[in-house]
Amino acid sequence: MENWDDLRFLVALARTGTMKAAAMMLGTNTATVSRRIDRLSEALGEAAFVKTPGGWQPSEAVKDLIQVAQTFDGQIQTALHAKVGKDTAPVRVKLGAVPFIARHILIPGMGRYNDLLDGIELHLTDRFFKDGLGDHDIVVQLNRPADGRVVTRRIGRLAARLYRPVDVPEPQHWAGYSARLDNVSFQRFGFDAFDKPPKVRLSGADAVAGVIKSAGYAGPLPDVIGLHDPELVVFDPDSPPHIIEVWMFYHETRRDDPVIRNTVDYVLGCFQDNETTLSERAAAE
């Protein structure tokens, strides 16, 4: 391969799955990404990627090459970030998280852990039902990630229960989430209590909380939302909560990268503080 710069396009498309997302990741346009991938395919003598309903997938011809390129990129990033701090140009870190975790756990902790984020330009983005890192450096999600070349860590446990408005003792309906979660126990709380599907389905916990309060419905919520809202109470105080495991992962080639380590420590600190706050609140009640 004569142009090693093509490897950046190879890795970007492998991570994102679309020409548009790869172009955004690289700060270029889709035509350039397509041209570079075509040139790489010509050099290999076969297609580098295969179009599938789920996006562009690497062919067998480039899978080993992608691993080599990712390892090389991780080593370069680690070396470049060795002296990150107040006196250096900020380093962009893209952190994807479930929206309610970002809003209620990570954002409130930014002030307390500001020193860890020195030299880091944090891009905190919403992350819903997706697999893999995509174009993120770090991902925080509610299920354990699939096996791959990632460093995986369980970072916390969140309790979830069925909540109702404090002034509506007997709601007639409930709000829930996507049908793909209907067999998950915290979604089952609603089915068990009302013996019918949710009246409204929404994509996020904050939206469910809004409907509970505005429409007088019940709905499953994590305690990090429900216990902090004086307008809400637990629907059935005697029912045990559903425990949600929260996981964080990043590519194994970034294990020793200082900006990754600092961002990881920031996330861990936020979760430890949240667990302490909820424990103190539960003890007070």
Margin query: Can you tell me how many residues within the stretch 100-141 are in a helix (DSSP H, G or I) and either buried (at least 17 other Cβ atoms within 10 Å of the Cβ) or without any contact (Cβ under 8 Å) to a residue 24 or more places away in the chain (or both)?
Written below: 13
Item checked: Residues satisfying the stated conditions in the stretch 1-29, i.e. more than 17 Å from L65 (Cβ to Cβ) and either loosely packed, with under 14 Cβ neighbours inside 10 Å or charged (D, E, K, R) (or both) -> K20, G27, N29
Next item on the list: Tell me which residues, restricted to the stretch 30-77, are open to solvent by 80 Å² or more (accessible area, probe 1.4 Å) and not in a helix (DSSP H, G or I).
Entry: E46, K51, P53, Q57
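Listed here are the residues, each with its yes/no results for (1) over 30 Å from Q70 (Cβ atoms); (2) outside any loop (DSSP other than H, G, I, E, B).
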residue: G210; (1), (2): yes, yes
residue: I225; (1), (2): yes, yes
residue: I243; (1), (2): yes, yes
residue: F249; (1), (2): no, yes
residue: D256; (1), (2): no, no
residue: T263; (1), (2): no, yes
Checklist line | Filtered residue count, the stretch 176-199, keeping only those that are within 12 Å of P220 (Cα to Cα), among the aliphatic types (A, V, I, L, M) and either open to solvent by 50 Å² or more (accessible area, probe 1.4 Å) or modelled with pLDDT of 90 or more (or both) | finding: 1
Checklist line | The lone exception for V166 - which of (1) open to solvent by less than 30 Å² (accessible area, probe 1.4 Å); (2) more than 24 Å from A102 (Cα to Cα) it fails | finding: (1)
Note to self: Under 9 Å between Cβ atoms, which residue pairs at least 6 apart in sequence (or on different chains) link something in the stretch 185-202 that is closer than 13 Å to F235 by Cβ with a partner that is open to solvent by 50 Å² or more (accessible area, probe 1.4 Å) and among the polar types (S, T, N, Q)?
What the structure shows: F194/Q172
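Quick one: is P230 of a type outside the set (K, R) and touching a Gly at 6+ places or on another chain (Cβ under 8 Å)? Outline the logic, then answer.
Values: of a type outside the set (K, R): yes; touching a Gly at 6+ places or on another chain (Cβ under 8 Å): no.
Here the answer is no, as P230 does not meet what is asked.
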Notebook entry, point to check: If you go through the stretch 11-22 one residue at a time, do you hit one that is at pLDDT 80 or above, on the phi < 0 side of the Ramachandran plot and not in a helix (DSSP H, G or I)?
Noted result: yes
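The values are calculated or read from the model by the stated rules, or taken from the named source; none is laboratory data. This one's a predicted model, so the numbers in the text were calculated from it and none came from an experiment. For neighbour counting, all protein chains shown are included, and Cβ atoms are generated from backbone atoms with ideal geometry for every residue, glycine included. When the accessible area is computed, the model is the full protein with side chains, heavy atoms only, and any ligands, DNA or RNA have been set aside. Shrake-Rupley method; radii C 1.70, N 1.55, O 1.52, S 1.80 Å.
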